[in-house]
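Accompanying notes for the structure given below.
The values are calculated or read from the model by the stated rules, or taken from the named source; none is laboratory data. On a predicted model such as this, the values are computed, not experimentally measured, just so you know. Cβ: placed from backbone, ideal geometry, glycine included. Neighbour counts: every protein chain shown. Just the protein is used for accessible areas: all its heavy atoms, side chains included, with ligands, DNA and RNA removed. Shrake-Rupley method; radii C 1.70, N 1.55, O 1.52, S 1.80 Å.
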Amino acid sequence: MTEFIRHAIPEVIEVRPPKYGDHRGFFSEVFKRSAFEDAGIDIDWIQDNQSFSAAVGTVRGLHFQVPPVGQDKLVRVLRGAIYDVAVDIRKGSPTYGKWVGVELSAEKWNQLLVPIGFAHCFMTIEPDTEVLYKVSGPYSKEHEGAIRWNDPALGIDWPDPKEKFGVEPTLSNKDEVAPFLADFDSPFTFEG
Ligand SMILES: Cc1cn([C@H]2C[C@H](O)[C@@H](COP(=O)(O)OP(=O)(O)O[C@H]3O[C@H](C)C(=O)[C@H](O)[C@H]3O)O2)c(=O)[nH]c1=O
């Protein structure tokens, strides 16, 4: 039975699919549409994305796509581990600018549902980490947006790569210079 666990921001949901181990290894129904529908979550997933990050302390995000090409995301880790974060950027939301962080890993076999209206970012906390995630909207470079991952105003409790792993974070140039939340006029609105 797939478990759905709500966190401090109820729209961000941790998902734990069943995993059956035996002497050969394991089997898992990692995505089952009916389980989501039974939980009241009916999202039409249209694309799978996969990224590999060699270095521990790799940061990808905070990213989102603006309407009309917003993306819900269902994130899971095939190998390694990440600290996965969703930030509420819906204008008028009681949790605007607040965040949820969950450790996702191949060992924990958990997933995170990041809805449209949330910026998404992860930091790898193991080397050679492979992330696979479903999205509910097509990629559109013209609709991509980003917010600085370590914006002091967000206060995300990231692991410190220098302290924990002795490395500087690894980022794309785009992410190095992403705007702060205060300089961002969100096109997302909270719909109650
Ligand atoms: C996102 C995406 C990217 N690309 C191409 C564009 C670039 O040539 C290359 C790398 O793209 P980018 O540097 O944006 O990849 P990430 O930094 O991993 O971006 C992702 O990071 C965080 C985790 C997110 O939540 C988003 O899914 C996504 O923005 O893949 C595609 O062809 N299709 C896509 O859907």
| note | Computed Rg/Rh for the chain (Cα atoms; Rh = Kirkwood radius) stands at 0.95
| segment 6-32-segment 47-61 distance, computed between alpha-carbon centres (Å) | 20 Å
| field | Positive-pole candidate from GLY70, GLY80, ALA119, dipole of segment 45-189, charges at beta carbon | value | GLY70
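Out of the chymotrypsin sites (Phe, Trp or Tyr not before Pro) in segment 98-165, which ones are loop residues according to DSSP with at most 14 other C-beta atoms within 10 Å? Before the final figure, lay out each step's value.
On the way: sites: TRP99, TRP109, PHE118, PHE122, TYR133, TYR139, TRP149, PHE165; in loops: TRP109, TYR139, TRP149.
Hits after loop and neighbour filter: TYR139.
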| query | So what's the back-of-envelope 222 nm ellipticity for the chain, counting only DSSP H runs of four-plus at -39500 (n - 2.57) apiece and dividing by all residues, rounded to 500? | reply | -1500 deg cm²/dmol
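Between LYS108 and GLN47, what FRET efficiency comes out of the Förster formula 1/(1 + (r/R0)^6) with R0 = 25 Å and r the beta carbon distance, rounded to 0.05? Mind dumping the intermediate values first?
Working: r = 24 Å, r/R0 = 0.97.
Here the calculated transfer efficiency is 0.55.
Evaluated at 37 °C with a viscosity of 0.692 mPa s, what Stokes-Einstein diffusion coefficient in µm²/s does segment 102-165 have when Rh comes from the Kirkwood expression over alpha-carbon pairs? Write out the running numbers ahead of the final one.
Details: Rh = 14.3 Å.
It comes out at roughly 229 µm²/s.
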| request: Would you work out which of TYR139, GLN50, PRO161 lies farthest towards the positive end of the dipole of the chain? Charges go on Cβ: Lys and Arg +1, Asp and Glu -1. | output: GLN50
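Against the 2.2 N^0.38 Å scaling, with N counting residues, where does segment 55-100 land? I'd like the Cα-based Rg ratio to two decimal places.
Numbers: Rg = 12.9 Å, N = 46, 2.2 N^0.38 = 9.4 Å.
Its radius of gyration relative to the 2.2 N^0.38 Å reference: 1.37.
Restricting to DSSP loop positions (anything but H, G, I, E, B) with no more than 15 other Cβ atoms inside 10 Å of their own Cβ, which GluC sites (Glu not before Pro) remain in segment 99-192?
Listed in order of number, the matching sites are GLU107, GLU191.
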| request: With no solvent and one equal point scatterer per Cα, compute the Debye intensity ratio I(q)/I(0) for segment 1-74 at 0.18, 0.21, 0.25 Å⁻¹ and report its log10, rounded to two decimals. | output: -1.05, -1.23, -1.27
| task | Express the accessible area of the chain per residue in Å², computed with a 1.4 Å probe while the remaining protein chains stay in the model. | result | 51 Å²
